[in-house]
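Okay, structure first, notes after.
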Amino acid sequence: MTAEKSGTTGRRSGAETRADGTGAKNPPDDAAGAGPGSGSPDERASGADSSGEDDTAGTVTSAGKAKRTRKARRTGAAKAAGAASTADKTSTADKTSTADKAGAGTDKAEAGTEAGTEAEARDRADAAKKDGDAAEKSDAAKQDGTGDDEPADPWSAFGPAPEPVLGRPRRAVRAVGRFLVHEWTLAVVAALALAAAMTWPTLRYPRHTLPQDYWDPSLQAWQMAWSGHILRTNPAQLWHSNTFYPENWSFAFSDTLLGYAPAGLIGVGPEHAVLRYNIMFVLAHALAAFGAYALARQLGAGRIGGAVAGASFAYAPWLLAQAGHLHIISNGGIPLALAMLARGHGWSLRYGYRPRRRHAGWAFAGWLVAAWQLSLGFGIGLPFAYMLAGVVLVSVVLWFVRRRKVKRPFGRRLFLADVLGGLVFAAVGAALAVPYFKVAELHPNAERTIGDIGLYSPPASGFFTAPAESRVWGGLHEGARAVLPWHPEMTLLPGFVLYALAAGGLFFSVWRVRHRIFLLAGVLVTMALAMGTRFFGGRFTYVPLFDYLPGWSGLRTPGRMMLWTTLLLGLLAAGAVTAFCMRVRELAAERVPPWPGPWLRLATLLPLALVLVEGLNATPQPVVPRQPAALRTVDGPMLVLPSSQNLDQPVMLWSTDRFQPMVNGGSGFTPRSQARIREATVSFPDYASVDYLRQIGVKNVVVLRDELEGTPWEGMLDRPVDALGVAREQVGEAVVFRL
C-alpha cells in the first residue's frame with residue numbers, strides 16, 4: 001500500500017511540474033507534456049512498471065518499490081528542468097516532445113535495470129523503443145500536414161497522390177468515352193458501315209433507284225408509306241388500304257412490314273417513299289449482321305468468330321436473289337431476339353447455364369424484339385414463332401423433370417418476364433393473324449396448295465447454285481440456274497467458304513461435341529424443309545407442317561427456310577474460327593516478344609474476309625418510273641390502265657401523295673373482283689365497261705399512254721366517247737376519263 005501511494009504521488013508530482021511553471025493540466029500525448037490520463041513518457045513507464053510489479057507474484061520487495069518511486073520522482077523533476085531549458089532554446093513544441101520521449105526511453109531502460117532481472121530490463125527497453133518510434137511517427141505526421149513552423153517533409157511527395165474528385169462534366173465525358181469504345185458500340189458502327197459498303201450502290205441515288213427491280217420494292221415502299229399515313233390520320237382503317245378498291249382487308253393481301261410504320265411517319269410522296277425503302281434496306285442488312293454477331297457472342301464465340309457468323313448470315317449469296325423482298329431481308333430480329341433471350345436466361349452454348357448471369361430485363365426485351373420481328377411479316381415470322389413455341393415447350397418439360405433437383409431454376413422475376421413477354425408475343429401474333437384469316441375466308445383462291453409448293457420447291461443442286469446477283473459466282477453458275485424451274489427462289493447457296501468453315505467446325509471448335517451434333521442436325525433438318533416436296537415428296541418433312549400447323553399453308557416458297565440453315569452454319573463456323581483464334585494466341589505466346597506478328601493477325605481475319613468477298617453483289621439498281629402528273633390531281637375512286645400484277649405495283653407507289661382509293665394493286669394473289677374489272681375494261685371506253693365502272697363507284701380512269709403497247713388495252717385511245725357521257729382530258733403524258 002505504501003509503495004502504491006508513493007508511486008501515485010510520484011506521478012502527480014511529475015504531472016504538476018511543467019516547463020512553463022503554470023501547473024496546468026498537460027496537453028495530449030503528442031504535445032510537450034502528457035495529461036493525467038496518459039502521463040508523460042517517464043510517468044507512463046513508471047506507472048506501467050508499478051502496475052506490472054503489482055501483478056507479479058512478489059519478485060520485488062516493498063523496499064525496492066519505494067526505491068523506484070524515489071527514482072521516478074527524481075527523474076520527473078530532472079525532466080521538468082530539462083524541458084524548461086529546452087523550451088527557452090527552441091519555440092517548437094514538437095522538438096521538445098521528441099527529446100522528452102527519447103529521454104523517456106532511456107529512463108525506462110535504467111528503471112528496468114534496477115528492477116532486479118535482466119529479462120525485465122530487456123522487456124522494458126523494447127517497450128521504450130516502441131514508444132520512441134511512435135513518437136517519431138507522430139512528429140512526422142505533424143510535419144507532413146499540421147506542423148506550425150516546420151516545412152513539409154520533401155520525401156512525402158513520393159507517396160501516392162489522392163484520387164481526384166471529378167465533377168459532373170468530367171464524369172459525363174468519361175462515361176461517353178467508355179460508351180464510344182465499348183464492344184457493342186463498335187459492333188453497331190461496324191455493322192452500319194459494312195451494310196452501306198456491301199449494299200452499294202443502293203445509297204448512290206436513294207431517291208430515284210430501287211435494288212433489283214421496281215416491282216416488289218415499289219409495293220413494299222407503298223406499304224411503309226401507307227402504315228405511317230394511316231396511323232397518323234385514321235388508325236382504325238389500317239387494314240383497309242386505298243388499293244384493290246372496292247375490297248376490304250386489302251393491306252393483309254401480303255406481308256405488311258408493319259414494324260416499319262414509325263419510319264412511314266416521316267415524309268410524303270413517292271420520292272420520300274423510295275428514299276425510306278433504300279434506307280431501311282441498308283439498315284435491315286446492318287441489323288441482320290449485328291443480330292447474328294450478338295447471338296454468336298452470347299453463345300460463347302470470340303469477336304472474330306462472331307463477326308464471321310454475322311457476315312455470313314447477312315450477306316449469304318442466296319440472299320442476293322431476295323434483294324427485292326425487304327420482308328425477307330429484314331430478318332435481323334430473329335438472332336437478336338434469341339441472343340437477348342439467351343442472355344436473360346444466363347445460358348450459353350459454350351458455358352452452359354449460369355444462374356448468376358440471369359437478367360429478367362434482357363429476357364423481356366427479347367420477347368419484345370421477337371414480337372417486332374413477327375410484325376414485319378409471316379413469311380419468315382411464322383417459322384420463327386413455331387420455333388419459339390417449341391423452345392418454350394421443351395423448357396417446360398425440362399422444368400417438370402428437374403423441379404425436384406433444382407428449386408426455382410429460372411427465378412421469380414425471370415419467370416414473370418417470360419410469362420409477360422410470351423403473352424405480348426402471342427397477343428401481337430394473334431392480332432396480326434386476324435386480318436389474314438379474314439382474307440383467307442373472303443378469298444379462297446388466296447390459299448396455297450401442295451401443287452403451288454411443288455412449283456417453288458428447289459432441288460438439292462440449288463444449295464450449290466448462286467443467283468445472278470452474286471458478283472463472284474453469278475456468271476459461273478449461269479448454266480446451273482438455267483435448269484432450275486424458278487431460279488429466283490431456288491438458288492440457295494449460302495457460300496462455299498461458309499460450308500468449309502462449318503465443316504471444319506464439326507472437328508475443331510470451341511463448342512462441345514454434342515452441341516456440334518445438334519447444330520449439324522439442325523442444318524440437315526432445315527435443308528430438308530427448304531426442299532419442300534423435293535425431299536421424298538415432303539411426306540415426312542414439309543407436308544405434315546402444311547397440313548397441320550395453322551398458317552403454314554400460306555407460305556408459298558419453302559426455300560426461304562434456308563435462313564435457318566445459314567444461321568446454324570454460321571454458328572458452326574463461329575466455333576471453328578474462335579478455336580482457330582485461340583490457337584493463334586497460344587502460338588503467339590510462345591514467341592519472343594510474345595505478341596502476334598502481322599501474318600498471324602491477318603490469318604485470323606482471313607475467314608471473315610473470304611465470307612465478305614463471297615457476299616459481294618452485282619444487284620441492278622433500276623430507276624423508278626416517274627410519277628404521272630395526273631396521279632397528283634385526280635380524285636378517287638379511280639382505275640389506272642393498263643393494269644396487271646407488275647404494272648400496278650408502281651401505281652401503288654405513285655399514290656403515296658394523296659392515297660386516293662384505286663382499283664389497282666399488286667400482291668401474292670389476284671382478288672376475283674380485280675380480275676373481273678380488268679376483264680370488263682378491255683373494251684374501254686364503251687357503254688358496258690363505263691356502266692360497270694359506274695356501278696362499282698369508279699369516278700375516273702387514268703390511261704398511261706406510254707404503257708399501252710403490247711397490252712390488251714392497246715388502241716383504246718382511238719375509240720369515241722361522245723355518246724357515253726364521259727369527259728376526256730389530257731393531263732401530261734396521261735389521258736383522264738371522267739365518268
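Summary table below
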item	result
Assigned charges on the beta-carbon of Lys, Arg, Asp, Glu; segment 373-491 dipole about Cα centre (debye)	1280 debye
Stretch gain in nm, segment residue 508-residue 196, where the contour uses 0.36 nm per residue and the Cα spacing is subtracted	109.0 nm
Trypsin sites (Lys or Arg not before Pro) within segment 340-372, DSSP loop, no more than 16 other Cβ atoms inside 10 Å	350
Residue-wise HN-Hα coupling along segment 217-224, computed from phi with Karplus coefficients 6.51, -1.76, 1.60 (Hz; x: Gly, Pro)	x, 5, 4, 6, 5, 5, 4, 5
Fraction of accessible area attributable to carbon and sulfur, segment 507-664 (%, probe 1.4 Å)	69 percent
Heavy-atom SASA rank of 536, 384 (probe 1.4 Å, accessible area, largest first)	536, 384
Amide H contacts under 5 Å for residue 376, placed H, 5+ residues apart	259
Value of relative contact order over segment 650-739, rounded to a whole percent, pairs C-alpha under 8 Å and six or more apart	26 percent
Per residue value of the accessible surface for segment 223-354 (all protein chains in place, 1.4 Å probe), Å²	27 Å²
Fraction of accessible area attributable to carbon and sulfur, segment 203-273 (%, probe 1.4 Å)	56 percent
Centroid-to-centroid separation of segment 203-217 and segment 419-461 [C-alpha atoms, Å]	28 Å
Area of residue 285 that stays accessible when all protein chains are in place (1.4 Å probe, Å², to 10)	20 Å²
For segment 719-729, Karplus couplings with θ = phi - 60° (6.51, -1.76, 1.60), whole Hz, Gly/Pro x	8, x, 10, 4, 8, 9, x, 10, 8, 10, 9
Length gained when the stretch residue 673-residue 427 is fully extended (0.36 nm per residue, less Cα-Cα span)	85.3 nm
J(HN,Hα) series, segment 581-587, from Karplus relation 6.51 cos²θ - 1.76 cosθ + 1.60, nearest Hz, glycine and proline x	5, 5, 5, 5, 5, 5, 5
Probe 1.4 Å, all protein chains present, accessible-area order of 729, 590, largest first	590, 729
Percentage relative contact order, segment 382-515, counting C-alpha pairs under 8 Å, at least six apart	15 percent
Amide hydrogen neighbours beyond the local backbone of residue 615, cut-off 5 Å, H modeled	none
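The values are calculated or read from the model by the stated rules, or taken from the named source; none is laboratory data. As the structure is a computational prediction, the values presented were derived from the model and not from experiment. Positions of Cβ are backbone-derived with ideal geometry, glycine not excepted, and every protein chain shown enters the neighbour counts. Note: accessible area is taken over every heavy atom of the protein model, side chains too, but ligands, DNA and RNA are not part of it. Shrake-Rupley method; radii C 1.70, N 1.55, O 1.52, S 1.80 Å.
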